[in-house]
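One structure below.
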Amino acid sequence: MGIMDQLWQWTVEKFITTFIVVPVLCYVGWFLFRHIIQLSLQAWRFVRSRRRALQAVAREGAHEGEGVWRTTPIDQPRDYWRGVTSSRILAIANLKGGVGKTTLAANIGAYLAKDWQKRVLLIDLDFQGSLSSMAFPGKDWLPAAHQSSRATRLIGGDVTPADFHLLPQKVDLNTDEKGPGRLEVITAYYDLAQADNRIMIEWLLQCSDDTPDVLHALLELLKGRQLRTPDARYSLAKILHSEIVQTAFDVIIIDCPPRLTTSKIQALCASSHLLIPTIFDRASAEAVVSFRDQVETLRRAGICPHLKYIGVVGTMWRPGRVAQRDAITFVKDALGNGPIGILPEKTFVPHAAALINDAPDGIAHIVMPNSKEGQQIRTAIAELAEHVAGQMGISQHAYFHEAAE
């Protein structure tokens, strides 16, 4: 074999080694490395998330523990304090059903929109959709088949501030007056119950459908940052505290479910103020005290530290009943001199057949006839709505964002 043949053979072998064998080996090595790292990250996240979940639901001796919603770390949005304190967001909540939460939310919102010409947003976070059906009686507001309800998209982080305007539906205020006042509703349906569970579990286990890029994951770990999903407790706050939403509405009212669900926690974390409606009987009074204790636990833990109390308001009120007075005394004694008290009796919403019977026909303050009973109910709603507005710093003759300036 000549020198030229040997040189050619060496060149071919060198070319194959340099440009084929080595790159293939490098690619296979990089593929195996990424696969091993990916499996290691998945195993690490599984062990960590399992430990986190078990700690969140662990018992303390013979008693139940602190609860899922006090799980740390707490990842509040940037400028969370500013977002809460500069907004006017009212959560109407209790742990007991049937105490008038939906009725108050709908009618306070209707009064502020119709009589005070405010731009009001109502958010229904109860999967039964009572507020939604009250706001749109006889109308097709239900989500289409295989489509999430508007409230589900809201709490699930599927909506950005830029496309938030697609969610609310406008309510007919039954007035010919032209003015800035309007009432809009974000509706809820039964799929919200599944979303509540899914979001809580994904957050608790720190898992999501998005698998992080290996290099990004390694870089974050080298920086000492743990890989975790966004804090589900503040998803609603990020949307409602945005400049776009705050500019669009003067006040936001959230109708919360009678359970400590994901959406209810999101509502408490997003809201600036809390109103607790109750019937003054013994069972409902005990629920008020229990709910106050849970809210105080969340506030002290730094989950919703800036939430302010409007107070406890009576519903289905019948003056002169001894049992109601006894329940009021019980609540006052249990609440003590703490940050929350019972509102003046003039703000209590009376027990009225028209208020209940008209619910399937629409929001009472909008559709109720001008009868004697109707005027009494409207007066009671006005007293409560104006008291709430005063506590929240909402002026009758100016938009909030203008007054803030």
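Here are some notes:
- If you go through the stretch 94-122 and keep only what is within 11 Å of residue 253 (Cβ to Cβ), small (Gly, Ala, Ser) and either under 17 Å from the mean Cα position of the chain (by Cα) or open to solvent by 20 Å² or more (accessible area, probe 1.4 Å) (or both), you end up with just 105.
- Residue 318 being within 21 Å of residue 377 (Cα to Cα) and either open to solvent by 20 Å² or more (accessible area, probe 1.4 Å) or aromatic (Phe, Trp, Tyr) (or both): yes
- Residue in the stretch 304-314 that is out of contact with any helix residue (DSSP H, G or I) (no Cβ under 7 Å at 6 or more places or on another chain), under 24 Å from residue 259 (Cβ atoms) and buried (at least 21 other Cβ atoms within 10 Å of the Cβ) present: yes
- Matching helices (runs of 4 or more DSSP H) fully within the stretch 32-147 where at least 3 residues are over 30 Å from residue 376 (Cβ atoms): 80-85
- Some residue of the stretch 388-405 being assigned to a helix (DSSP H, G or I), at pLDDT 80 or above, open to solvent by 80 Å² or more (accessible area, probe 1.4 Å) and closer than 23 Å to residue 90 by Cβ: yes
- Some residue of the stretch 318-325 being closer than 23 Å to residue 186 by Cβ and in contact (Cβ under 8 Å) with a residue 12 or more places away in the chain: no
- Top-ranked residue in the stretch 280-303 [being of a type in the set (Val, Ile, Thr) and more than 17 Å from the chain's Cα centre (by Cα); ranked as surrounded by the most Cβ atoms within 10 Å (Cβ to Cβ)]: 288
- Helices (runs of 4 or more DSSP H) enclosed by the stretch 269-372 - at least 1 residues per element that are closer than 25 Å to residue 129 by Cα: 282-300, 353-357, 364-367
The values are calculated or read from the model by the stated rules, or taken from the named source; none is laboratory data. Please read all numbers here as calculations on a predicted model, not as lab measurements. Cβ coordinates were reconstructed from backbone atoms using ideal geometry, including for glycine residues, and neighbour counts include every protein chain displayed. To get the accessible areas, we keep the full protein, side chains included, count just its heavy atoms, and leave off ligands, DNA and RNA. Shrake-Rupley method; radii C 1.70, N 1.55, O 1.52, S 1.80 Å.
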